[in-house]
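Student: Below: one structure in structure tokens.
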Amino acid sequence: MQDQINQYTAEIEAFNPANADELEAFRIKYLGTKGIIKDLFEQFKSVSAEEKRVLGKVLNQFKQSAEAKYQELKEQFESGAQQSTADIDLTLPGTGLEVGSRHPLSLVQSEIVDIFKRLGFVVAEGPEIEDDWHNFSALNFPDEHPARDMQDTFFIKKNNGKDDIALRTHTSSVQVRMMENGKPPFRAIMPGRVYRNEAISARAHCFFHQIEGLYVDENVSFADLKQTLYHFVQELYGEGTKVRFRPSYFPFTEPSAEMDISCTICKGAGCNMCKYSGWVEILGCGMVDPNVLENCGIDSKKYTGFAFGMGVERIANLKYVIRDLRLFSENDVRFLKQFKTEMI
Ligand code: PHE
């Protein structure tokens, strides 16, 4: 039995598996339930008591060294260290680094921001959790005014029994903060996330992104508003894109308008994107209501201004022809990867 153990020990020491299968065969042969070590322990039961004293130690050492060898090789295979260079095909192309891509909304947002920056607008930001004053009252939404219902608001907290703190429904709240804390002239855009309590569908979501703009100075007129937005559209959608203004209503602007552009998909011929009208609405705008200026401590006799606001998702839909708003927030990489070429 001693000879047998010596022979196995030599075998184990010399063992150098080429792959994990060979290592597994080794484990089964020596350490398995029907393996050599088990068998040796069986034989051990029937040797004389005198032999047992010597052999017991030898046998235990043998078992330990077989286990240690197996563990060592197993760890090597798991860490990949056992792979010899002979197995590597150096002519194979390497695995490319997965480079992320920018989200389509952030691509569109930075494009819009860039256009206005070139016109001298600065970027302003404000909190997403707002109070009634900044989101509504300062913007000329009187208490109980039906216009408040136009924006299905997520209220968070009441003050003195009245709904007060809410998730902002538009970034016009940032305009109020800016005017309250500074002196005219103001020329700024306000990108940011806004929230409305709407059922989620292909066409509506409970949050989306807006870019609003504000220009307040002496002698700002509706002509300035039209020319600024006309220039913006030519930059964003290309020369020759037509614009038209339709009268509208917002509590914080007077007069108010909605601006349409000639459909970017069919160029005005009619398609299902523009519901066969040739026009698509992209933003709301108007001259800042004097009440709003006064609410923010600005002399409305001296200063006038214009404001506008657009949804970034809407602009991105028209640019990339994305028909389901939910795609923007589902983080499906198959969708997001398609914008790789536009990496900045
Ligand atoms: N705040 C308006 C909205 O969310 C958009 C808007 C901004 C309209 C500025 C006119 C002027 O719908």
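The values are calculated or read from the model by the stated rules, or taken from the named source; none is laboratory data. Keep in mind that what you see is a predicted model, and the values were worked out from it rather than measured. Backbone-built Cβ (ideal geometry, glycine too); neighbour counts: all protein chains shown.
Student: Scan region 251-270 and report the pairs whose first residue is within 14 Å of LYS226 (Cα to Cα) and assigned by TED's automatic domain parsing to the domain that holds PHE232 and whose second residue is of a type in the set (S, T, N, Q) and more than 9 Å from the ligand (Cβ to nearest atom), with Cβ atoms within less than 8 Å and a gap of 6+ or a chain change.
Tutor: These pairs meet every condition: ILE261/THR241.
Student: Quick check on this structure: which one of GLU111, GLU42, GLU24 is within 30 Å of GLY311 (Cα to Cα) and in a helix (DSSP H, G or I)? Steps first, please.
Tutor: Working: GLU42 fails: within 30 Å of GLY311 (Cα to Cα); GLU24 fails: within 30 Å of GLY311 (Cα to Cα).
Result of the check over GLU111, GLU42, GLU24: GLU111.
Student: Let me ask another. Pick out, from region 278-344, the helices (runs of 4 or more DSSP H) lying fully within it that include 2 or more residues that are among the β-branched types (Val, Ile, Thr), within 16 Å of the ligand (Cβ to nearest atom) and at negative phi. Let's see the steps before the verdict.
Tutor: Values: elements: 290-295, 312-320, 333-336.
The qualifying helices (runs of 4 or more DSSP H) are 312-320.
Student: Next up: Would you please list the contacts, defined by Cβ atoms under 6 Å and residues six or more apart or on different chains, that run from a residue in region 205-219 that is farther than 16 Å from VAL122 by Cα and assigned by TED's automatic domain parsing to the domain that holds LEU293 to a residue that is near the ligand (Cβ under 10 Å from one of its atoms) and part of a loop (DSSP other than H, G, I, E, B)?
Tutor: Pairs found: none.
Student: Check off (1) within 14 Å of the ligand (Cβ to nearest atom); (2) surrounded by 15 or more Cβ atoms within 10 Å (Cβ to Cβ) for VAL243 and give me the number that stays unchecked.
Tutor: Single failed check for VAL243: (1).
Student: Between a residue in region 228-244 that is within 19 Å of VAL312 (Cβ to Cβ) and assigned by TED's automatic domain parsing to the domain that holds VAL216 and any residue that is among the basic types (Lys, Arg) and in a helix (DSSP H, G or I), which pairs come within a Cβ distance under 9 Å, given they are 6 or more apart or on different chains?
Tutor: Listed pairs, sorted by first residue: GLU235/ARG118; LEU236/LYS319; TYR237/LYS319; VAL243/LYS226.
Student: Starting from residues that are surrounded by 13 or more Cβ atoms within 10 Å (Cβ to Cβ) and either farther than 12 Å from ILE37 by Cα or hydrophobic (A, V, I, L, M, F, W, C) (or both), keep the ones in region 1-17 and report whichever is farthest from the chain's Cα centre (by Cα). Give the steps one after another, and end with the answer.
Tutor: Residues of region 1-17 surrounded by 13 or more Cβ atoms within 10 Å (Cβ to Cβ): 1, 4-5, 8-9, 11-12, 15, 17.
Narrowing further to those that are either farther than 12 Å from ILE37 by Cα or hydrophobic (A, V, I, L, M, F, W, C) (or both): 1, 5, 11-12, 15, 17.
Details: MET1: 69, ILE5: 64, GLU11: 58, ILE12: 55, PHE15: 52, PRO17: 47 Å.
Looking at residues that are surrounded by 13 or more Cβ atoms within 10 Å (Cβ to Cβ) and either farther than 12 Å from ILE37 by Cα or hydrophobic (A, V, I, L, M, F, W, C) (or both), I get MET1.
Student: Turning to a different aspect of this structure: Starting from region 95-123, take each residue that is farther than 20 Å from VAL333 by Cβ and list its partners that are of a type in the set (Val, Ile, Thr) and at pLDDT below 95, counting only C-beta distances under 7 angstrom and pairs at least six apart or across chains.
Tutor: Qualifying pairs under 7 Å: ILE112/ILE315.
Student: Looking only at region 109-122, which residues are surrounded by 14 or more Cβ atoms within 10 Å (Cβ to Cβ) and hydrophobic (A, V, I, L, M, F, W, C)?
Tutor: ILE112, VAL113, ILE115, PHE116, LEU119, PHE121
Student: Can you pull out every residue in region 159-186 that is within 16 Å of the ligand (Cβ to nearest atom) and part of a loop (DSSP other than H, G, I, E, B)?
Tutor: Within region 159-186, the subset within 16 Å of the ligand (Cβ to nearest atom) is 166-179, 186.
Of everything in region 159-186, those that are within 16 Å of the ligand (Cβ to nearest atom) and part of a loop (DSSP other than H, G, I, E, B) turn out to be ARG168, THR169, HIS170, THR171.
Student: Taking region 128-152 as the region of interest, how many residues are surrounded by 13 or more Cβ atoms within 10 Å (Cβ to Cβ) and either free of Cβ contacts under 8 Å to residues at least 12 places away in the same chain or under 19 Å from VAL292 (Cβ atoms) (or both)?
Tutor: First, the residues of region 128-152 that are surrounded by 13 or more Cβ atoms within 10 Å (Cβ to Cβ): 128-141, 145, 147-148, 150-152.
Filter once more, keeping what is either free of Cβ contacts under 8 Å to residues at least 12 places away in the same chain or under 19 Å from VAL292 (Cβ atoms) (or both): 130-141, 145, 147-148, 150-151.
Selection size over region 128-152: 17.
Student: Could you look through region 202-228, keep only residues that are in a strand (DSSP E or B) and β-branched (Val, Ile, Thr), and pick out the one that is surrounded by the fewest Cβ atoms within 10 Å (Cβ to Cβ)?
Tutor: Within region 202-228, the subset in a strand (DSSP E or B) is 207-217.
Subsequent filtering for residues that are β-branched (Val, Ile, Thr) retains 211, 216.
Details: ILE211: 22, VAL216: 26.
By that ranking, first place goes to ILE211.
Student: Can you say whether VAL47 is on the phi < 0 side of the Ramachandran plot, exposed (fewer than 12 other Cβ atoms within 10 Å of the Cβ) and in a loop (DSSP other than H, G, I, E, B), as far as the supplied structure shows?
Tutor: On the way: on the phi < 0 side of the Ramachandran plot: yes; exposed (fewer than 12 other Cβ atoms within 10 Å of the Cβ): no; in a loop (DSSP other than H, G, I, E, B): yes.
No, not satisfied.
Student: Which residues, taken from region 187-215, are within 14 Å of the ligand (Cβ to nearest atom) and among the charged types (D, E, K, R)?
Tutor: Matches in region 187-215: ARG193, ARG196, GLU198, GLU212.
Student: So how many residues does region 247-264 have that are of a type in the set (Phe, Trp, Tyr), in a strand (DSSP E or B) and within 8 Å of the ligand (Cβ to nearest atom)? Walk me through how you get there before you give the answer.
Tutor: Our first condition is that a residue be of a type in the set (Phe, Trp, Tyr); within region 247-264, this holds for 249-250, 252.
Subsequent filtering for residues that are in a strand (DSSP E or B) retains 249-250.
Subsequent filtering for residues that are within 8 Å of the ligand (Cβ to nearest atom) retains 250.
Adding up the residues that qualify gives 1.
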